[in-house]
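Written out below as structure tokens is the structure these notes cover.
A short reminder: the numbers here are calculations on the coordinates, not readings from a lab. Please read these numbers as outputs of a predicted model, since none were measured by experiment. No Cβ is skipped: glycine too gets one built from the backbone with ideal geometry, and neighbour counts run over all protein chains shown.
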Amino acid sequence: MTLEKVLVSGKLAAIPAEHVSTAVEKALELTFSRQPAYGGPGWKFLQLVNGVPLANLVIPFPRFMLNGLRFMWEFSPAGPLGLLTSKSERAALASGDMRLLSRGMIGSAMLGAAYLFRESDLAGEKWYEIKTPDGRTIDVRPYNPFASYLFLGDMIKRLRDGTLFNTDMKAIIQTLTGANLRAGAGLEIVDR
């Protein structure tokens, strides 16, 4: 059954409510729009930003930022550490749900690839630049979450080269908050 067939038939009730709910949750996750868990630190931060007048000028998309941070944690070598603190994650793993481990492995592979890229001849002068074979330079900051891995790969390279402390604070803030839109949409406070 397709959505078009359901709409033409006029029988929207033919789609079970649990399927709609699952699809909406997945769409919210994929677009970094999911609401943080009620009462948790992310939820409290979101309430704070939304409750303080003009705070959205400093942090314009707090829910996106929180989802980006959650994504970077889950898809990192540290992601499986959730097994140490969460009974529900241990129970899910015991029942055969490998999501936590697979996300950690994917994130580890992406971080490794980003580090190798930053060591390659295609890496630009700045962490977010890619040099193409025809001589063009591409700014990859709009391509999150992949840009965040390039930033972390660059940090590892700098650590190994002994140049870690020459890092631009603005780049760290942009990477951690997802405020990487540079075509005139940057955060004024970050730019200053």
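Phi angles of the range 118-133 translate, via the Karplus equation with coefficients 6.51, -1.76, 1.60 and θ = phi - 60°, into HN-Hα couplings of 5, 8, 8, 6, 7, 6, x, 5, 9, 4, 9, 9, 10, 9, 8, x Hz per residue; Gly and Pro are given as x. Once you divide the Cα radius of gyration of the range 1-78 by 2.2 N^0.38 Å, the number left is 1.50.
When the helix-only estimate is applied to the chain (DSSP H runs of n ≥ 4, each -39,500 (n - 2.57), divided by the residue count), what is the mean residue ellipticity at 222 nm, nearest 500 deg cm²/dmol?
-17000 deg cm²/dmol
Per-residue 3J(HN,Hα) values for the range 57-67, derived from phi via the Karplus relation 6.51 cos²θ - 1.76 cosθ + 1.60 with θ = phi - 60°, read 6, 7, 10, x, 10, x, 5, 4, 4, 4, 5 Hz in sequence order (x marks Gly and Pro).
Separation of the range 9-76 and the range 81-107, taken as the distance between their Cα centroids, equals 21 angstrom. Using the alpha-carbon positions of the range 77-131, Rg (one decimal) and Dmax (whole number) come out as 16.1, 47 Å. Work through the residues other than Arg136 whose Cβ is under 15 Å from its Cβ and net out their charges, Lys, Arg +1 and Asp, Glu -1. Once positives and negatives cancel, what remains is -3.
Shape summary of the range 105-161, radius of gyration then Dmax from alpha carbon positions: 10.8, 33 Å.
Grouping the Cα pair distances of the range 1-154 into 10 Å bins from zero gives a pair-distance distribution of 9, 24, 29, 24, 12, 2 percent in increasing distance order.
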